[in-house]
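First the structure, in the form of structure tokens, and then the observations on it.
Please treat every number below as a calculation from the coordinates, not as lab data. Everything numeric in this text was worked out from a predicted model, so none of it was measured. Note: ideal-geometry Cβ built from the backbone for every residue, glycine included; neighbour counts use all protein chains shown.
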Amino acid sequence: KQEVTQIPAALSVPEGENLVLNCSFTDSAIYNLQWFRQDPGKGLTSLLLIQSSQREQTSGRLNASLDKSSGRSTLYIAASQPGDSATYLCAFMNSGGYQKVTFGIGTKLQVIP
Amino acid sequence: EPEVTQTPSHQVTQMGQEVILRCVPISNHLYFYWYRQILGQKVEFLVSFYNNEISEKSEIFDDQFSVERPDGSNFTLKIRSTKLEDSAMYFCASSGRDSPLHFGNGTRLTVT
């Protein structure tokens, strides 16, 4: 059974810091991995999608990497801002594709002004 | 930017009643999903739908649940006889081939 683990569960940092969120998965048959942001009471906003053939993706201050051999992905946030405060979720799609996506429980980030 | 829309945003129902949650996926997407999130817990996969049929479902998606795409735009989740433990946020999502999942804002279902 696929397990997706996210560490840390919660993180509080001062504004301007660079930070790394971690995601690990047990199934090596990965199709893609996606990072989402969830604000309280809201839906999930897609941040970055990494296909199994890729090593990383970048969007603005965000960079996500994928290491299939170790079963890990990281989300790097540069120069954090209070508006980055949210829960960040990673989601694993196995090589069956277009079917079940398994989510981690998320990392709750608070950026303090 | 196109988005997934869900209605209603909040549904309150009594135990044993039927509910239908509605979703309009992004128009050119091919794959449709329902997920749920019980308060404080992980987002859980319920079902995926492709080419007018269920492609995969989880153990949560039992005989009380069904999905339909009644026309070219809507995608619905029906719960036939709601239980207290069905109370959760239900998210619809859609995607194209090799594209990110796009989620709606969810329907908060409260079963009393």
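With bins 5 Å wide starting at 0, give me the P(r) of the range B:25-98 over every alpha carbon pair, in whole percents.
Final binned percentages: 3, 15, 28, 25, 17, 9, 3, 0.
Report the one residue of A:Pro14, A:Ser73, A:Ile112 whose Cα lies farthest in the direction of the positive end of the charge dipole of chain A (charges on C-beta: Lys and Arg +1, Asp and Glu -1; origin at the Cα centre).
Selected residue: A:Ser73.
Let's test the formula: R0 of 25 Å, r as the Cβ-Cβ distance of B:Leu39 and A:Val13. What FRET efficiency results, to the nearest 0.05?
That pair, B:Leu39 with A:Val13, gives E of 0.45.
Sort B:Val12, B:Val111 so that the residue with the fewest other Cβ atoms within 10 Å of its own Cβ comes first and the one with the most comes last.
B:Val12, B:Val111
Where a Cα-Cα gap under 22 Å defines reach, which lysines qualify for A:Lys42, not counting those fewer than 8 residues away within the same chain?
Of all the lysines, those that pass the test against A:Lys42 - Cα under 22 Å, at least 8 places apart if same chain - are A:Lys100, A:Lys108, B:Lys42, B:Lys78.
Taking chain B as a Gaussian network, Cα atoms linked when under 10 Å apart, which of B:Ser99, B:Ser66, B:Ser81 shows the biggest mean-square fluctuation?
Maximum among the listed residues: B:Ser99.
If you take every residue apart from B:Ser9 with its C-beta less than 12 Å away from the C-beta of B:Ser9, what net charge results, scoring Lys and Arg +1 and Asp and Glu -1?
Here the charged neighbours net out to +3.
May I ask you to list the aspartates and glutamates whose Cα is less than 18 Å away from that of B:Lys83, ignoring any residue fewer than eight positions away on the same chain?
Within the straight-line cut-off, B:Lys83 pairs with B:Glu18, B:Glu44, B:Glu59, B:Asp62, B:Asp63.
Using the number of other C-beta atoms within 10 angstrom as an exposure proxy, rank B:Met89, B:Met15, A:Met93 with the fewest first.
B:Met15, B:Met89, A:Met93
Quick one: net charge of B:Ile54's neighbours, Cβ under 11 Å, K/R +1, D/E -1?
-1
Nothing charged except the Cβ atoms of Lys and Arg (+1) and of Asp and Glu (-1): what's the magnitude of the dipole of chain B about its Cα centre? Round to the nearest 20 debye.
Dipole about the Cα centre, nearest 20: 200 debye.
Using Cα pairs closer than 8 Å and at least 6 residues apart in sequence, work out the relative contact order for chain B, in percent.
Relative contact order here is 39 percent.
For peptide A:44-52, what's the mean number of Cβ atoms from other chains within 10 Å of each residue's Cβ?
Going residue by residue through A:44-52 and averaging, the value is 3.
Compute the signed sum of charges (Lys and Arg +1, Asp and Glu -1) over the other residues within less than 14 Å, Cβ to Cβ, of A:Gln57.
Residues close to A:Gln57 contribute a combined charge of -1.
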